[in-house]
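The values are calculated or read from the model by the stated rules, or taken from the named source; none is laboratory data. The shown structure was predicted, so the numbers you read here are calculated from the model rather than taken from an experiment. Here the Cβ positions follow ideal geometry from the backbone for every residue, glycine too, while neighbour counts run over all protein chains shown.
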Amino acid sequence: MAISSTNAVFLLFLFSFAFQVCHGGRIILSASAVAEEQPLATMTYHKGALLYGNVSVNLIFYGKFSAAQRAVVSDFVASLSSLPQQKDSLEPSVATWWRGLARYYASPRIHLPKLARGKLILDEGYTLGRSLHDADVFNLAARGAPRSAVNVVLTAEDVAVEGFCMSRCGAHASSRRSRAGRFAYVWVGNSAKQCPGQCAWPFHQPEYGPQSPPLVAPNGDVGIDGMIINLAGLLAGTATNPFGDGFFQGPKEAPLEAATACTGVYGKGAYPGYAGNLLVDPTTGASYNANGVRGRKYVVPALFDPSTSSCSTLV
């Protein structure tokens with residue numbers, strides 16, 4: 001079904017890089033954009049399954065990550081389902097951002113999944129080498145849980161992955177049905193040494209397009225903070241389009257999903273080369289738009305609101 005179809009127009013950011021897709025959105029962020037007025041888009045439901053219930057997020061770190069880097073990612077996952085009444089919770093929050101996806105869950109029988117940190121799996125020995133293909137990423141993802149899980153593969157800055165920096169910064173897909181179950185998985189690469197201008201914007205000078213000074217990364221790590229943006233967007237796509245027949249715009253081969261439909265938008269007033277009006281930490285000068293657990297600050301992407309056919313931001 002199509003949701004909220006009108007004849008209005010809104011500002012859509014069209015990015016010069018293609019989205020490469022296989023069972024879900026594969027996202028590449030770039031500041032190489034042009035702004036055009038387009039007919040108001042709709043988000044179409046293709047009658048497939050959505051993720052719901054209690055879902056474990058298993059983190060599989062491939063290659064060398066410091067303990068501090070792993071903690072930034074782990075805390076982000078913990079922040080997704082933190083409760084508003086927790087004493088250290090501040091708004092706007094990562095949890096509030098995640099709850100924005102509830103707009104896609106109109107049926108009273110299913111609800112937005114509650115994500116919880118699951119296993120932490122380390123492969124610091126590069127057991128599959130430093131140049132990975134899609135099949136290798138799947139094999140890494142399979143090390144997580146076989147059901148009721150999103151297995152997240154994070155590759156280090158010295159690991160090359162098929163298509164990385166050329167057509168994508170990360171991907172989400174799923175396993176096939178089997179007796180063991182079926183799991184969704186996400187892969188995100190650390191672009192710090194390979195293509196920060198593509199996959200870690202706005203924390204790095206953009207490689208293409210309008211040039212503006214980079215923002216200060218909220219956790220002091222351009223590569224990891226860029227990974228968080230991509231991970232957030234891919235988790236949103238995984239929840240609302242886990243098996244390629246959920247919510248998306250455009251062709252199945254190159255869908256725009258809940259977050260990728262709003263690529264490059266992080267705050268109100270965003271335009272090509274400008275992330276939007278974000279909050280700034282007065283102590284560090286870092287930009288952010290969402291608070292997390294343990295005092296963490298993050299930047300998360302805008303989400304497409306199917307009820308208004310517009311990009312919704314926290315700030």
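For the range 212-225, the condition of being surrounded by fewer than 21 Cβ atoms within 10 Å (Cβ to Cβ) and more than 23 Å from residue 292 (Cα to Cα) holds for at least one residue. Listed by first and then second residue, the pairs linking a residue in the range 137-155 that is in contact (Cβ under 8 Å) with a residue 24 or more places away in the chain to a residue that is part of a helix (DSSP H, G or I), with Cβ atoms under 6 Å apart and 6 or more places separating them unless they lie on different chains, are 150/238; 151/141; 153/137; 153/140; 153/141.
Screening the candidates 211, 205 for the property of being assigned to a loop (DSSP other than H, G, I, E, B) and without any contact (Cβ under 8 Å) to a residue 24 or more places away in the chain yields one hit, 205. Here residue 228 qualifies as touching a strand residue (DSSP E or B) at 6+ places or on another chain (Cβ under 6 Å) and either surrounded by fewer than 19 Cβ atoms within 10 Å (Cβ to Cβ) or touching a residue at least 40 places away in the same chain (Cβ under 8 Å) (or both). Restricting the search to the range 225-257, which residues are part of a loop (DSSP other than H, G, I, E, B), among the small types (Gly, Ala, Ser) and out of contact with any Asp or Glu (no Cβ under 9 Å at 6 or more places or on another chain)? Within the range 225-257, 244, 250, 254 meet the criteria. Comparison of 146, 210 shows that the only residue that is modelled with pLDDT under 95, out of contact with any Asp or Glu (no Cβ under 9 Å at 6 or more places or on another chain) and more than 17 Å from residue 59 (Cβ to Cβ) is 210.
Within the range 56-96, the set of residues being modelled with pLDDT of 95 or more, among the charged types (D, E, K, R) and part of a loop (DSSP other than H, G, I, E, B) comprises 64, 91. Residues considered: 115, 154. Of these, the only one that is surrounded by fewer than 24 Cβ atoms within 10 Å (Cβ to Cβ), in a strand (DSSP E or B) and touching a helix residue (DSSP H, G or I) at 6+ places or on another chain (Cβ under 7 Å) is 115.
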